[in-house]
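Trainee: Please see the structure below; I have some questions.
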Amino acid sequence: SIVSVIPHARRGNVQWRTGFLFGAAAMAGAFGGGLLGSRLPSVVLMVAFGIMMVATALAMILDRRTTAEGEPRKKLPLVKILLEGLVVGVVTGMVGAGGGFLVVPALVLLGGLSMPAAVGTSLLIISMKSFTGLAGYLTTVSIDWVPVLIITAITVAGALIGSAMVRHIPEKALKKAFGYLVLAMGVVVFFQELPLPYGVGAASAVVTLWGILMIRR
């Protein structure tokens, strides 16, 4: 993540104050979340993870607001930034996720940032708190570093490609695409972690909810 921050920073898409404050609070939350998550059943963590993915995805899909990149933004209150960062840190530290699926919606929906700015700032935040989430887990588990490093290298390459493409995608389309991707992944989590009948039921409930919300817009 820290590597892919650089292209966004060059284009002015990183909100440094929000990023460092949010990231510092998320680091504290991620360490505690890592400690707690290592003691909870994996199925509980993953189902909760899927529910949060679906909720944040629907919020992004249904949000109609757009914020131009050059538009002046109000500074978020310090307490609000710290509280949001702490909550996101705890949640993502528990499930072992980088947290973009929560950080980006938080910055867009609650912080009023444009999608490019939210993506760039989220990369800074994720880089900060991922280290502390890892530290929390290392107190109780061991890690096979070979696949971790291989996947990390591939992910860095993909992140650099994505950061180069983002300037060519309209903000509204980027927000929708992000929401639908997270929604699809949330449904996949349900199928993987729950017995088939429950997985189908959860997926059907998500599709039904999405349909109702789209009709009521």
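Trainee: If I filter the stretch 153-160 for residues that are open to solvent by 50 Å² or more (accessible area, probe 1.4 Å), at pLDDT 75 or above and under 16 Å from the mean Cα position of the chain (by Cα), do I get at least one hit?
Mentor: Yes, because at least one residue in the stretch 153-160 is open to solvent by 50 Å² or more (accessible area, probe 1.4 Å), at pLDDT 75 or above and under 16 Å from the mean Cα position of the chain (by Cα).
Trainee: For the subset of the stretch 14-27 comprising residues that are open to solvent by less than 30 Å² (accessible area, probe 1.4 Å) and of a type outside the set (Phe, Trp, Tyr), which member is modelled with the lowest pLDDT? So that I can check it myself, show each step before the final result.
Mentor: Here is the first cut: in the stretch 14-27, the residues open to solvent by less than 30 Å² (accessible area, probe 1.4 Å) are 14, 18-19, 22-23, 25-26.
In the following step, the residues that additionally are of a type outside the set (Phe, Trp, Tyr) were identified as 14, 18-19, 23, 25-26.
Details: 14: 72, 18: 82, 19: 81, 23: 82, 25: 87, 26: 81.
Taking the candidates together, the pick is 14.
Trainee: Shifting gears a bit: Based on this model, can you work out whether residue 126 counts as exposed (fewer than 15 other Cβ atoms within 10 Å of the Cβ) and of a type in the set (A, V, I, L, M, F, W, C)?
Mentor: Considered against the rule, which asks whether it is exposed (fewer than 15 other Cβ atoms within 10 Å of the Cβ) and of a type in the set (A, V, I, L, M, F, W, C), residue 126 comes out as no.
Trainee: If you check residue 140 against the conditions, is it outside any loop (DSSP other than H, G, I, E, B) and open to solvent by 60 Å² or more (accessible area, probe 1.4 Å)? Walk me through it before giving the result.
Mentor: Working: outside any loop (DSSP other than H, G, I, E, B): no; open to solvent by 60 Å² or more (accessible area, probe 1.4 Å): yes.
The answer is no for residue 140.
Trainee: Spot the failing condition for residue 177; the list is (1) surrounded by 14 or more Cβ atoms within 10 Å (Cβ to Cβ); (2) touching a helix residue (DSSP H, G or I) at 6+ places or on another chain (Cβ under 9 Å), and only one is missed.
Mentor: The failed condition is (2).
Trainee: Restricting to the stretch 28-87, and then to whatever is part of a loop (DSSP other than H, G, I, E, B) and among the β-branched types (Val, Ile, Thr), can you tell me which residue is modelled with the lowest pLDDT?
Mentor: 67
Trainee: Could you grab me the full set of residues in the stretch 90-105 that are modelled with pLDDT of 75 or more and open to solvent by less than 10 Å² (accessible area, probe 1.4 Å)?
Mentor: Selection gives 92, 93, 103, 104, 105.
Trainee: Right, here's the next one. Can you name every residue in the stretch 1-13 that is surrounded by fewer than 23 Cβ atoms within 10 Å (Cβ to Cβ) and either at pLDDT 70 or above or outside any helix (DSSP H, G or I) (or both)?
Mentor: Correct list: 1, 11, 12.
Trainee: Can I ask one more? State whether one or more residues within the stretch 161-171 are touching a Ser or Thr at 6+ places or on another chain (Cβ under 9 Å), surrounded by 17 or more Cβ atoms within 10 Å (Cβ to Cβ) and β-branched (Val, Ile, Thr).
Mentor: no
Trainee: Could you say whether any residue in the stretch 158-176 is more than 20 Å from residue 26 (Cβ to Cβ) and assigned to a loop (DSSP other than H, G, I, E, B)? So that I can check it myself, show each step before the final result.
Mentor: Filtering the stretch 158-176 for residues more than 20 Å from residue 26 (Cβ to Cβ) gives 158, 160-176.
Okay, now just the ones that are also assigned to a loop (DSSP other than H, G, I, E, B), so 169-170.
For the stretch 158-176, residues more than 20 Å from residue 26 (Cβ to Cβ) and assigned to a loop (DSSP other than H, G, I, E, B): present.
Trainee: So how many residues does the stretch 189-206 have that are open to solvent by less than 90 Å² (accessible area, probe 1.4 Å) and free of Cβ contacts under 8 Å to residues at least 60 places away in the same chain? Talk me through it step by step, then tell me what you get.
Mentor: Initially, the stretch 189-206 is screened for residues open to solvent by less than 90 Å² (accessible area, probe 1.4 Å), giving 189-190, 193-195, 199-206.
Subsequent filtering for residues that are free of Cβ contacts under 8 Å to residues at least 60 places away in the same chain retains 195, 199-201, 203-205.
Counting residues in the stretch 189-206 that are open to solvent by less than 90 Å² (accessible area, probe 1.4 Å) and free of Cβ contacts under 8 Å to residues at least 60 places away in the same chain gives 7.
The values are calculated or read from the model by the stated rules, or taken from the named source; none is laboratory data. The shown structure was predicted, so the numbers you read here are calculated from the model rather than taken from an experiment. Quick reminder, even Gly has a Cβ in these numbers, built from the backbone with ideal geometry, and neighbours come from all protein chains shown. Ligands, DNA and RNA are stripped out before the accessible areas are found, and what is left, the full protein with its side chains, is counted by its heavy atoms. Shrake-Rupley method; radii C 1.70, N 1.55, O 1.52, S 1.80 Å.
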